[in-house]
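K.L.:
A single structure is presented below for examination.
The values are calculated or read from the model by the stated rules, or taken from the named source; none is laboratory data. Computed from a predicted structure; not experimentally measured. Cβ placement follows ideal geometry from the backbone for every residue including glycine, while neighbour counts extend to all protein chains displayed. Quick note on the areas: whole protein, heavy atoms, side chains included, nothing else; ligands and nucleic acids left out. Shrake-Rupley method; radii C 1.70, N 1.55, O 1.52, S 1.80 Å.
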Amino acid sequence: KWLRTLNDGRLVHCEDASRKGDNSNVDVISGMYHDLKTVEEYGKNSENVKPYFLCEYSHAMGNGPGDVYYYNELFNKYPNLIGGCIWEWADHVVTENGVEKYGGDFEGELTHDGNFCCDGLVFADRSFKAGTLEAKAAYQPIKTEYENGILTVYNRFDFTNLNEYELEYSIEVDGVSVKTQVLTLDLMPHCTEQINIDFEEIKCNYGAYINVVLCKNGKNLAHTQHKLPSKTKTLEESQMAEFNEDEQNIYAKGEEFRYIFSKHYGVFTSIVIKGEEQLAGRMTISAFRAPTDNDRNIKERWANINIWQGENLDCQFSKIYDCRIEDGAIIVEGSLAGVSRVPFFRYAQKITVSEHGKISFELCGNVREDTFFLPRLGFGMELPESNNKFTYYGSGPFESYCDLCHASSVGMYESSAENEYVNYVRPQEHGNHNKTKMLKIGNLKFQTDDEFEFNVSKYSAATLYKAEHTDELKTDGKVHLRIDYKVSGIGSNSCGPKLMDKYQLKEKDIDFSFSIVPSI
């Protein structure tokens, strides 16, 4: 038990909520980095009438935090949960020659804590990152729901009527706004209002959404997004291209394309479209990502850090057991394993090529039962440096992960490998986009009937992983592209609780399909 002083000078008695026993003489139940399950259990117990405060609940180190939104949903749901603090506001660094330095970088240090001083919700220069805007989305003063043509708006303010603001909703189809309306809602605190949204049947290539924005004096205070029912246009199937093969490779060619598929590696090594090579190296199937600061407590389970624990995903090898042409398709049976490890993934892959050059991938496989959850799983490609600009329909414009995506909205965006780079003090995984239906880069257009995640970077995962400071990052003259089945979330486990199970890529049965369409 201890005492805390409030702003008005009063003393309150506090007790750690993790302790068991009589707390009848305390005013506030306090906790530090309690997980969501513990917090919710306290909140939904009607006998817990004393306020519960988390002195720290989310850690903002590096890429993150990825859990701040879900804690705030609980704070808003249960009156006895009175909130908490994010650790902390800004990164603490010393900048020398444009490079941000941290513990261990200075002569004569007798003690330090490495880069653990770089744990800010904003960068040292107070500029924002995706985690900053994720916190804004978690704190925003409205909540909306959409169902059967009805948009429900809830005012989360305690004292302010929403008539002081403008609420705008727009319907977007394939990223293009087709209807917009601006409203002023006379909505008292903690009240709801329903709005009828009328629209005709939507046909689209990728998707339709309703976007809601709360504004005042031209500033965006809140935004939400809901998927709308729509009919996706289907593409006509064309005949398959014919394959030729020799001992090493399988070849497919048409009027505008020429492809080479390696029997030894089980992937494409050359994709030439209209005379231009689109690859700068062979494709791969892989699972490693450069660990984030929030992966610091689990990265030894992924990487080759010691001989006992890791899957050695950073030292991955592939084994192809069979590669053949069957019924007009390439069939591959293979496995992936880290060096000196048994395979963590056994898979079968079916690849078809249409007469117009469309490549369709079907990847089915099983992850070894005792494998620790994977950082990601998907295809990696190296592209020529000239192919650094791209267009996508997915979650943007900020980097987004399955648990850190509320600052972004699904839409049509343009970007580049340079713009995707995030200048974290210690280089790490960055620039992912989830909920993606289409990506066009160079003369390649990736698309799917479902969703995929992607990442475009001027740095390889190995380069990001090895660098401890930004001046150690060296480009290799290539654009590094990932097309992923899924990517594990970010969380805040650098100091906070472990990543929630539902945001871990721990599935054992994998089924992933997408296609590459020549885009000229």
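K.L.:
Quick check: at a probe of 1.4 Å, how many percent of the accessible area of segment 346-443 sits on carbon and sulfur atoms?
P.N.:
The value for segment 346-443 is 46 percent carbon and sulfur by accessible area.
K.L.:
Considering every pair of different Cα atoms, what Kirkwood radius, in Å, is found for segment 469-520?
P.N.:
Its Kirkwood hydrodynamic radius stands at 15.3 Å.
K.L.:
To continue, here is another question. Order T352, T111, T95, most accessible first, counting only protein heavy atoms with a 1.4 angstrom probe.
P.N.:
T111, T95, T352
K.L.:
Give me the accessible area per residue for segment 111-215, probe 1.4 Å, as a whole number in Å².
P.N.:
Counting only protein heavy atoms, the per-residue value for segment 111-215 is 50 Å².
K.L.:
Taking the highest mean first, how do the peptides 77-89, 498-510 order by number of other beta carbon atoms within 10 angstrom per residue?
P.N.:
Top to bottom by mean Cβ count within 10 Å: 77-89, 498-510.
K.L.:
OK, next. In whole percent, what relative contact order does segment 171-210 give with Cα contacts below 8 Å and a gap of six or more residues?
P.N.:
Relative CO of segment 171-210 lands at 65 percent.
K.L.:
Okay, next question. Using modelled amide H (1.01 Å from N, peptide plane; none on Pro or chain starts), what sits under 5 Å from the amide H of L183, excluding residues fewer than 5 places away?
P.N.:
Counting only residues 5 or more places away or on other chains, the set is L167, E168, Y169.
K.L.:
If you don't mind, there's one more thing I want to ask. With θ taken as phi - 60° and the coefficients 6.51, -1.76 and 1.60, list the Karplus ³J(HN,Hα) couplings across segment 360-375 in order, rounded to whole Hz; mark glycine and proline as x.
P.N.:
10, 10, 10, 10, 10, x, 10, 8, 3, 4, 9, 6, 4, 4, 8, x
K.L.:
Now a separate question. Scan around G496 for amide H atoms under 5 Å from its own, H built in the peptide plane at 1.01 Å from N, and keep only partners 5 or more places away or cross-chain.
P.N.:
H59
K.L.:
Treat every Asp and Glu Cβ in the chain as -1 and every Lys and Arg Cβ as +1, leave all other atoms uncharged, and give the resulting dipole magnitude about the Cα centre to the nearest 20 debye.
P.N.:
Approximately 300 debye in magnitude.
K.L.:
Quick one: accessible surface of F372, probe radius 1.4 Å, all protein chains present, in square angstrom to the nearest 10.
P.N.:
We get 50 Å² for F372.
K.L.:
Also: At a Cα cut-off below 16 Å, give the lysines reachable from K143, other chains included and same-chain residues fewer than 8 away excluded.
P.N.:
Filter leaves K77, K227.
K.L.:
Here is a further query. Out of (1) 50, 23, 19; (2) 43, 30, 21; (3) 34, 28, 22, which label holds the value of semi-axes √(5λ) of the Cα gyration tensor in Å that was computed here?
P.N.:
Computing semi-axes √(5λ) of the Cα gyration tensor in Å and matching it to (1) 50, 23, 19; (2) 43, 30, 21; (3) 34, 28, 22 gives (2).
K.L.:
At 1.4 Å probe size, with every protein chain present, just tell me what the per residue accessible area of segment 347-421 comes to in Å².
P.N.:
Each residue of segment 347-421 exposes 36 Å² on average to a 1.4 Å probe.
K.L.:
Quick one: dipole size for segment 101-229, taken about the Cα centre, charges +1 on Lys/Arg Cβ and -1 on Asp/Glu Cβ, in debye to the nearest 20.
P.N.:
I would put it at about 140 debye.
K.L.:
Evaluate the relative contact order of segment 113-157 (contact order divided by residue number), counting alpha-carbon pairs under 8 angstrom at least 6 apart; express in whole percent.
P.N.:
22
K.L.:
Just to make sure I understand: if all protein chains stay in place, what is the order of S395, S238 by accessible area at 1.4 Å, largest first?
P.N.:
S238, S395
K.L.:
Just to check I understand the Karplus step: with θ = phi - 60° and J = 6.51 cos²θ - 1.76 cosθ + 1.60, what whole-Hz values come out for segment 322-334, glycine and proline as x?
P.N.:
My calculation for segment 322-334 gives 7, 9, 8, 9, 9, 6, x, 10, 8, 10, 10, 10, x Hz in order.
K.L.:
Given segment 155-291 reduced to its alpha-carbon atoms as identical point scatterers, what log10 I(q)/I(0) does the Debye formula return at q = 0.11, 0.15 Å⁻¹?
P.N.:
Ignoring solvent entirely, the Cα scatterers give -0.71, -0.87.
K.L.:
Can you work out ³J(HN,Hα) from phi for every residue in segment 347-357, in order, using Karplus 6.51 cos²θ - 1.76 cosθ + 1.60 and θ = phi - 60°, giving whole Hz and x for Gly and Pro?
P.N.:
9, 10, 10, 10, 10, 10, 10, 7, 5, 9, x
K.L.:
Which value, in nm² and rounded to one decimal, describes the direction-averaged projected area of the C-alpha convex hull of segment 299-434?
P.N.:
Result: a mean projected hull area of 11.4 nm².
K.L.:
Also, I was wondering about something else. Nearest 500 deg cm²/dmol is fine: what mean residue ellipticity at 222 nm does the chain get from its DSSP H runs of n ≥ 4 alone, each adding -39,500 (n - 2.57), divided by its residue count?
P.N.:
-2000 deg cm²/dmol
K.L.:
What accessible surface, in Å², does a 1.4 Å probe find on V517, ignoring ligands, DNA and RNA and rounding to the nearest 10?
P.N.:
Probe radius 1.4 Å; accessible area of V517 about 30 Å².
K.L.:
With the Cα gyration tensor of segment 28-183 giving a ≥ b ≥ c as the square roots of its eigenvalues, does the rule (a/c under 1.5 for rounded; else a/b larger than b/c for prolate; else oblate) give rounded, prolate or oblate?
P.N.:
oblate
K.L.:
Taking every pair of distinct Cα atoms and averaging 1/r, then inverting, what Kirkwood hydrodynamic radius in Å comes out for segment 123-231?
P.N.:
15.1
K.L.:
Follow-up question, since we're still on this one. Could you tally up the Lys pairs in segment 230-372 with alpha carbons closer than 19 Å? Skip any pair fewer than 8 positions apart unless they're on separate chains.
P.N.:
The result is 10.
K.L.:
Then there is this: Can you order the peptides 319-327, 279-287 by their average number of other Cβ atoms within 10 Å per residue, highest first?
P.N.:
Highest mean packing first, the order is 279-287, 319-327.
K.L.:
Whenever you get a sec, compute what percent of the accessible area on segment 208-325 sits on carbon and sulfur atoms (1.4 Å probe).
P.N.:
46
K.L.:
Taking the dipole about the Cα centre of the chain, with the C-beta of Lys and Arg at +1 and of Asp and Glu at -1, give me whichever of V456, Y154, T269 is farthest to the positive side.
P.N.:
Y154
K.L.:
While we're here: Using a 1.4 Å probe and ignoring any ligands, DNA or RNA, find the accessible area of L121 and quote it in Å² to the nearest 10.
P.N.:
20
K.L.:
Which far-off residues, 5 or more places away or on another chain, put their amide H under 5 Å from the one on K486, with H placed in the peptide plane?
P.N.:
L377
K.L.:
If I compute solvent accessible area with a 1.4 Å probe over the protein chains, what percent of it on segment 66-147 is carbon and sulfur?
P.N.:
53
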